[in-house]
Amino acid sequence: MTILKIVIKTLGIILLILFPFLGGALLGKHSPYTEGNSMTKFVLIYSLFVLVLALVLFYMTNKFKESLVQPVLPGILLFFIGCVMLGIAGLAAPPDLTIKILEHPEREHCRYIVLFIGAIFFGLYFINLFINNSLQLKRTYKWVIIGIFALVMVELLWEFSHHYLYPEGLKEWVDKGNKAEEFNKTYDDWKVITTGAIGRFFIYLLLLLLSLRLYKIRRIAIWNPILNTFLCLLGIISSIAFFLYGAFNMEIPKELGFLMLFFIPGLPFLIMYWIGVALLTKTSKLKTVPLTL
């Protein structure tokens, strides 16, 4: 590969890594959280974005199919998680946990519907791996990964359902004469935080093992496990910190406040998308690797 091709490929990978943020900045102009923008308009424009991206993706993977690491389906499934994160970034606002949420509950419903779709792609990807044994795992280790995956999926689906129903829970709380400001502490109590922390621990562990394994069997380039190892280790530290906070009320030092970033559900999805980018941009010939742990 010539230097020019290496430079072009590297720039392309960087662009794909940043795609959810760049696309989200464009989509954010139509965010329903901005006065004058409707949810209907946002959904239509977002759907158009995804349709165009899907057409480009299918065209490119078909055109360069012979030079890509096979099979390409796993990479495509993870790429669509990037489209999910495009939608989350396009909302251009954090979850609204105030009484104002009752004026537009559809905004938060949209957020968690999009995350549900991300969880579906996440599940389809791993089901595809297990059916085809694409990771070339021994039987025992394969069942360990399946167990971790099952735990992660159950926690994600529960968590997204829990947050999706936040507006309904708040309305019921207020209708009973309670103060809206006190609802969040009751709804997202120590049990919710602790469960979320356990879920984050296992999802970061799963993604770390996945990235390292894919590199070992020559499915992705070295940049991905380097990036993901750094992020996943921080994610594991974050999950432990939040577990201690939820279970034992141990305050997180202000210096470690940045760990909150790793507790939000979007970051694990970004890591999965970046694995998809690594899969779809790996062009060297696949080498046969012995079946090992």
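The values are calculated or read from the model by the stated rules, or taken from the named source; none is laboratory data. Because the structure is predicted, anything quoted here is derived from the model rather than measured. Here the Cβ positions follow ideal geometry from the backbone for every residue, glycine too, while neighbour counts run over all protein chains shown.
Here is a yes/no grid of residues against (1) touching a helix residue (DSSP H, G or I) at 6+ places or on another chain (Cβ under 9 Å); (2) part of a helix (DSSP H, G or I):
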residue	(1), (2)
5	no, yes
13	yes, yes
17	yes, yes
32	yes, no
36	no, no
42	yes, yes
47	no, yes
54	yes, yes
62	no, yes
_So, in region 51-94, how many residues would count as being surrounded by fewer than 14 Cβ atoms within 10 Å (Cβ to Cβ), in contact (Cβ under 8 Å) with a residue 60 or more places away in the chain and closer than 27 Å to residue 184 by Cα?_
1
*When you scan region 108-194 for helices (runs of 4 or more DSSP H) that lie fully inside it, which ones turn up with 2 or more residues that are more than 20 Å from residue 81 (Cβ to Cβ), of a type in the set (Asp, Glu) and at pLDDT 95 or above?*
166-175
*Any idea how many residues of region 122-173 are under 25 Å from residue 276 (Cβ atoms), of a type in the set (D, E, K, R) and out of contact with any Ser or Thr (no Cβ under 8 Å at 6 or more places or on another chain)?*
1
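Looking at region 95-107 only, could you name the residues that are surrounded by fewer than 20 Cβ atoms within 10 Å (Cβ to Cβ) and touching a helix residue (DSSP H, G or I) at 6+ places or on another chain (Cβ under 9 Å)?
Matches in region 95-107: 95, 96, 97, 98, 99, 101, 102, 104, 105, 106.
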*Hey, any hits in region 251-267 for a residue that's in a helix (DSSP H, G or I), at pLDDT 95 or above and aromatic (Phe, Trp, Tyr)?*
no
